[in-house]
Amino acid sequence: MDAKPSRTFDPDLYEPGSEGAAGRCSHHAAADQAACTGEAVVSFQDPAGRWQSGCTLALEQLVEDGEIQPLGQGA
Ligand SMILES: [Zn+2]
């Protein structure tokens with residue numbers, strides 16, 4: 001599985017009313033909220049091609065798991 005590109009968080013990528021549009025971390029919205037810093041810093045696409053948002057911890061975890069590329073690399 002290839003790591004997906006990541007980019008600096010951009011609220012305009014998200015549906016109005018979603019976690020991302022509000023600047024929150026959608027990666028932790030469903031689970032593991034205690035570990036979440038809440039504020040989105042990265043935008044990335046999930047395997048279904050939907051835009052997700054991640055806090056600093058989500059970014060760390062996803063890069064470690066090989067799900068996304070470190071911020072600032074790629075296109
Ligand atoms: Zn989070």
Requested in this report: Just the isolated ones, please: cysteines in the chain lacking another cysteine beta carbon under 4.7 angstrom.
Outcome: C36
Report task. Compare the peptides 39-46, 11-18 by average per-residue count of other Cβ atoms within 10 angstrom and give them in order, highest first. Result -> 39-46, 11-18
Requested in this report: With a 1.4 Å probe and every protein chain kept in, tell me what percent of the accessible surface of the chain is carbon plus sulfur.
Outcome: 48
**Report entry** Probe 1.4 Å, accessible area per residue of the chain, Å²
**Finding:** 62
Report task. Take the Cα radius of gyration of the chain and divide it by 2.2 N^0.38 Å, with N its residue count; two decimals is plenty. Result -> 0.98
Query raised in the report: What residues from region 54-70 fall in the zone where the backbone N is under 14 Å from a label point 7 Å along the Cα-to-C-beta line of A29?
Result: 54-55
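The values are calculated or read from the model by the stated rules, or taken from the named source; none is laboratory data. Values in this document were obtained by computation on a predicted structure and should not be read as measured data. No Cβ is skipped: glycine too gets one built from the backbone with ideal geometry, and neighbour counts run over all protein chains shown. Keep in mind that these areas ignore ligands, DNA and RNA; they rest on the heavy atoms of the full protein, side chains included. Shrake-Rupley method; radii C 1.70, N 1.55, O 1.52, S 1.80 Å.
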